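The values are calculated or read from the model by the stated rules, or taken from the named source; none is laboratory data. Given the structure is predicted, the values throughout are model-derived calculations rather than measurements. Cβ coordinates were reconstructed from backbone atoms using ideal geometry, including for glycine residues, and neighbour counts include every protein chain displayed.
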Amino acid sequence: MQVICGRRGDRMNKKSYRVRKLKAIFFLALAVVLTNAVVSYNNTVKLIHKQQEVTYSYKVITQVESIQSILKDTETAQRNYLITADADDLQIYLAAAQQTNSNIQILSKLTADNHHKQQLISLLKPEITKRLNILQQEISLRQNQGLKAVRQLMLSDKDQQIGKEIQQLIHDSLKTEHNLLQQGMQQSQASSQKAIVTFFIAAVVDLVLVVLLYELLWRYIRQLQQTEVALRQSENRLRAMIDAEPECIKLIARDGTLLEINAEGLAMMEVESADVLIGKPIDAVIVPEYKAAFANLHESICQGNKGTLEFEIIGFQGTRRYMETHGVPLRNESDGTFIHLAVTRDITQQKQAQQKIREQGLLLDVSTDAILVRNIHNQILFWNKGAERLHGWKAEEVVGKNVLQLLYKEISPQLEDAYLRVMNTGEWRGELHQLTREGKVIIVESRWTLIRDDDGQPKSILSVNTEITQQKQLEAQLLRSQRLESMGTLAGGIVHDLNNILSPILMAVQLLQKKLPDQQSQQILQTLENNVKRGANLLKQVLSFARGIEGKQTIVQIQPLMAEIEQIIAQTFPESIICQIDIPKNLWYVRGDTTQLHQVLINLVVNARDAMPNGGILRIAAENLVIGEHSAQINVDAKAGSYIAIVVTDTGMGMSSSVQQRIFEPFFTTKEVGKGTGLGLSTALGIIKNHGGFVNVYSQVGRGTQFTAYFPASTFRDTHSLSPELESVTGDG
């Protein structure tokens, strides 16, 4: 398209060059003619100016001569009046004096724009005024004192001197003006001759230029006639080349109608002839929701701007296509406005591919697994929504970062082995410990797949991670339960044998107490009996753990039990331990053995006391809780249903993860020798399980421990089997 436009532009440039050349010659000729006219005009103006200067000099000379003549008449009339005292002479004098002043005023106005002549007037006017004043004084003296009084003044040298000075000034000014008049006449004659010669030369030059311009016009017309055929052939070739373009090319008028379209455009719009489209609105095939955007683009381009738009069309045969148009403004040389040149291409396949990619991306985001892609330098390239949910970071926060520094505390041998395995074999599968944004360690089942480029070189690694933290915890709980069950079976057999051993010993001790009444023997036998009974009680606890506790179960209310526990804590626990009990009044009931439940609570609070040797806060709380199917996965023994959760929390020393895994094992204890048997928590766990419940433990070293015992809540129908005493208690509450 650029080549075609370039060739067409060359032809237009050549034609434009010839036009510009002709215009240049025409304007050059016009400039010469105008120059000649200007020169002639300037010469004429100079001639008129010189003539005006001559006329001006004539006027000045006339006024000066008039002043000179009238001044003489004034002096003559004044002398006659002084001698004869004739009134007619006086009237002649007064008229001449008035005329002299009037001529001086006219001369002043005439020379107002001439500084040099104004200087002459400034010298002449005071002298004439002084002379007229002297003449008036003489007339006044004659009228008052007679001829004798004024005769001496008339014959004085001063009077004659003033008259001579005035005459000399007038003579000098007349001489100067006559010289200027002579020069002006000579210059006017020279300007007149120059103007005639210039006009003649300009006329000759103009005639030559007209002949030359006519010749050039004739040649240009012949060239136009010769190139017209070649131009039509070139236009046909240009049309063929444009029609061969694989993109739609359109010319759109300012009113939105189509001016031109190539063959590819006709194919896109599914018509055979351009006559169907030329002159019609171009937006006829545009899908309605895109018409406003296309109209805005068209308006912007017709104002001289470029623009791009993606839109949809429906061809005349019903085919829907995605189009991308690039609009360029073309200036109309006649009026300076713009029309719309649109180069449009079909991007339907590209849009479909993009849609497919978006759908695939949505599928990846819908996946609950964390899917990420990193390059061979471990920089994150892709991070789906599942990864955001699992690890907590948004995609924009992690893309480009090192995955090893982000998700792992340290580079373990397992990670190094996984990287080498995936680079060598193309895939790896295993379990990894990773970090979340909050610093929590999670366990994931990770599948790595190596992605190669077109040349077969390693490009990136696709990782799919599934969190199995809860699954691993449940597996650990199951293994622990199985281990405890095995140990219970073993302990049951051992307890049975030990009971068989202790029973004859206790019977023998009791017989010896009857046969040996002395105090020393009684003390020894009592000590022996106490130890045998203590051993029997210990074996009873072990047997209870091993076989499960069986007892009479009734509907039990938790509040009275909590009251007893609170009383025991207040009486026996050190004052450094602060006890906080939070039991709601609407707490549900539990079906169980009151004594056994009491034993569970005592074991939990005693352990909490022993964990706070330096004092702390012991908090006991209970709440109604409904566990759904999803929440039942928190523990291997949990089932969906209604529960009462009893929470015992301390602020003591806490436990490590390794200790937490063994606390329910029989005889396991972290206490000093003689301060614990290791059967308290194992017995409590047996009681809780026998009641259909389960227990969760959360502990951090140095921050305390929390035991949560879950007991199935009694149904509404069970509450009718309450004993009268219990019913009265609940009623009072």
Checklist entry - Does Ser334 count as among the hydroxyl-bearing types (Ser, Thr, Tyr), out of contact with any Ser or Thr (no Cβ under 9 Å at 6 or more places or on another chain) and outside any loop (DSSP other than H, G, I, E, B)? => result no
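Criterion first (modelled with pLDDT of 75 or more, closer than 30 Å to His49 by Cβ and buried (at least 16 other Cβ atoms within 10 Å of the Cβ)) does Thr198 satisfy it?
On the way: modelled with pLDDT of 75 or more: yes; closer than 30 Å to His49 by Cβ: yes; buried (at least 16 other Cβ atoms within 10 Å of the Cβ): yes.
For Thr198, the condition - modelled with pLDDT of 75 or more, closer than 30 Å to His49 by Cβ and buried (at least 16 other Cβ atoms within 10 Å of the Cβ) - is met.
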Checklist outcome for this item: Scanning region 391-440 residue by residue, those in contact with a helix residue (DSSP H, G or I) (Cβ under 8 Å, 6 or more places away or on another chain) and part of a loop (DSSP other than H, G, I, E, B) turn out to be Trp393, Lys394, Tyr408, Ile411, Thr436, Arg437
Checklist entry - With (1) out of contact with any Ser or Thr (no Cβ under 7 Å at 6 or more places or on another chain); (2) surrounded by 15 or more Cβ atoms within 10 Å (Cβ to Cβ); (3) within 30 Å of Tyr419 (Cβ to Cβ) as the list, and Ile314 as the residue in question, which single condition is left unmet? => result (3)
Checklist entry - Within region 495-518, how many residues turn out to be surrounded by 12 or more Cβ atoms within 10 Å (Cβ to Cβ) and either outside any helix (DSSP H, G or I) or among the polar types (S, T, N, Q) (or both)? => result 5
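If you check Thr449, Thr425, which single one turns out to be at pLDDT 90 or above and closer than 19 Å to Thr368 by Cβ? If you could, list the steps in order and put the result at the bottom.
Working: Thr425 fails: closer than 19 Å to Thr368 by Cβ.
Exactly one of Thr449, Thr425 is at pLDDT 90 or above and closer than 19 Å to Thr368 by Cβ, namely Thr449.
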Item to check | Those residues of region 238-262 which are at pLDDT below 85 and of a type outside the set (D, E, K, R), in sequence order | outcome: Leu238, Ala240, Met241, Ile242, Ala244, Pro246
Checklist entry - Among the residues of region 582-612, which ones are outside any helix (DSSP H, G or I), among the small types (Gly, Ala, Ser) and under 20 Å from Phe694 (Cα atoms)? => result Gly592
Checklist entry - Of all residues in region 269-301, which are touching a residue at least 12 places away in the same chain (Cβ under 8 Å), small (Gly, Ala, Ser) and more than 16 Å from Leu251 (Cα to Cα)? => result Ala293
Checklist entry - Being at pLDDT 75 or above, within 60 Å of the chain's Cα centre (by Cα) and within 27 Å of Leu604 (Cα to Cα), is that true of even one residue in region 560-576? => result yes
Checklist outcome for this item: Reported set for region 165-175 where residues are touching a residue at least 12 places away in the same chain (Cβ under 8 Å) and not charged (D, E, K, R) is Ile166, Gln167, Leu169, Ile170, Ser173, Leu174
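Here is a yes/no grid of residues against (1) surrounded by fewer than 16 Cβ atoms within 10 Å (Cβ to Cβ); (2) under 16 Å from Leu341 (Cα atoms):
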site	(1), (2)
Gly256	no, yes
Leu259	yes, yes
Gly265	no, yes
Met269	no, no
Gly279	yes, yes
Asp283	no, yes
Ile286	no, no
Ala293	yes, no
Leu297	no, yes
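Collect the residues in region 249-268 that are without any contact (Cβ under 8 Å) to a residue 40 or more places away in the chain and either in a strand (DSSP E or B) or under 13 Å from Asp283 (Cα atoms) (or both), keeping them in residue-number order. Before you say what the answer is, go through the steps one by one.
As a first pass, look at region 249-268 and keep what is without any contact (Cβ under 8 Å) to a residue 40 or more places away in the chain: 255, 257-258, 260-264, 266-267.
Answer for region 249-268, where residues must be without any contact (Cβ under 8 Å) to a residue 40 or more places away in the chain and either in a strand (DSSP E or B) or under 13 Å from Asp283 (Cα atoms) (or both): Asp255, Thr257, Leu258, Glu260, Ile261.
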Checklist entry - If you scan region 374-390, which residues turn out to be part of a strand (DSSP E or B) and closer than 20 Å to Lys440 by Cβ? => result Ile380, Trp383
Checklist entry - Within region 515-559, which residues are modelled with pLDDT of 75 or more, of a type in the set (S, T, N, Q) and either in contact with a helix residue (DSSP H, G or I) (Cβ under 6 Å, 6 or more places away or on another chain) or under 30 Å from Trp588 (Cβ atoms) (or both)? => result Thr554, Gln557, Gln559
